[in-house]
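We did not get these values from a lab; they are worked out from the coordinates using the rules stated. Here the structure is a predicted model, which means the values were calculated and not measured. Here the Cβ positions follow ideal geometry from the backbone for every residue, glycine too, while neighbour counts run over all protein chains shown.
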């Protein structure tokens with residue numbers, strides 16, 4: 001077991017080294033479009049994996065991740081803007097103090113975004129996590145809408161419908177992919193810990209878990225806080241990737257996209273969430289080809305706007321029919337599994 005542990009750690013370090021090399025190559029050779037796609041993929045990996053902690057590992061239907069993403073995005077954005085930029089942006093109502101004079105480096109702003117999201121998760125976790133099933137879904141959905149409405153109306157904090165513009169493009173592939181790796185490692189470690197096994201027991205049978213001495217509320221609150229922290233950090237990364245944010249960016253449509261990703265990958269599978277994020281993010285871009293004009297010899301076929309969405313919906317429908325538990329179910333990648341496969345091929 002000791003040898004296996006060291007071997008797995010060595011393989012993990014080699015994989016991280018290979019990922020760093022690929023990012024270095026991408027930074028120097030990829031164009032802006034490809035880099036933006038890599039950044040988007042990494043940010044959504046962070047969102048999907050942290051969201052899967054509640055919905056998949058704990059088995060609770062949570063429909064409010066857009067609230068924590070928006071909290072992290074606005075916090076990080078307000079803290080990275082300079083006082084002069086804030087004064088120029090807030091035209092209808094001046095920004096409240098001390099946010100009007102406070103400016104922090106990007107790493108500290110990201111951390112603050114995660115902490116603010118965690119704080120609101122702690123405040124809402126006590127009433128929200130007392131209910132289950134459809135009631136939990138309704139309450140969390142309502143919380144997401146409340147945050148969006150507040151962002152639209154609190155002129156002195158969020159600049160209302162005008163949003164925040166001119167953010168510095170701090171989100172690079174190193175930041176986005178680094179946070180994604182940290183999120184995967186943290187959630188995977190939590191899943192394989194005693195707390196994680198207790199969370200999975202709650203998902204399977206909460207009454208039986210309680211009878212075995214597991215306190216559901218305490219474990220669900222921990223998952224809620226961890227998920228909210230990484231969603232808030234992802235919001236900060238997203239804000240500094242697109243360099244402009246407004247309340248319309250954080251509607252239920254964002255939650256819907258994340259829900260599709262974790263269901264497609266497999267509820268409870270961190271590996272599945274990563275794989276589904278890559279497939280959906282890159283697949284959506286590749287499907288743009290079907291909306292472009294097609295020339296076949298002397299025949300010219302015009303592009304059909306919206307055809308990409310139709311094809312994507314049909315593919316999702318096929319996946320739901322033939323892979324009801326998602327692509328990977330609850331399966332997780334491990335080095336032992338990979339080495340076993342390599343050994344079988346070698347024999």
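Tabulated data for the structure shown
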item: Packing-based ranking, highest mean first, of 100-108, 149-157 given that Cβ atoms within 10 Å are counted; result: 149-157, 100-108
item: Tail beyond 31 Å, pair distance distribution of the chain (Cα, percent); result: 39
item: Rounded FRET efficiency, nearest 0.05, which uses the C-beta distance separating residue 155 from residue 278 and R0 of 30 Å; result: 0.15
item: Computed over the chain: relative contact order in percent, which uses C-alpha pairs under 8 Å that are six or more apart; result: 28
item: R0 of 25 Å, Cβ-Cβ distance residue 333-residue 61: FRET efficiency to nearest 0.05; result: 0.45
item: Inter-centroid distance (Cα atoms) of the stretch 146-220 relative to the stretch 35-91, Å; result: 10
item: Computed label-point distance, nm, for sites residue 342 and residue 97 using a 7 Å Cα→Cβ extension; result: 6.2
item: Distance-filtered residues of the stretch 120-151 - backbone nitrogen under 17 Å, label point 7 angstrom along residue 215 Cα→Cβ; result: 122-123, 125-131
item: Linear extension gain, residue 84 paired with residue 320, 0.36 nm per residue minus alpha-carbon span; result: 79.9 nm
item: Calculated FRET value between residue 145 and residue 11, using beta carbons and R₀ = 56 Å, to 0.05; result: 0.80
item: Ranked list, fewest to most other Cβ atoms within 10 Å of each Cβ, for 281, 248; result: 248, 281
item: Label-point gap, in nm, between residue 134 and residue 309 - each point 7 angstrom along Cα→Cβ; result: 2.8
item: Exposure proxy order (Cβ contacts within 10 Å, fewest to most) of 224, 119; result: 119, 224
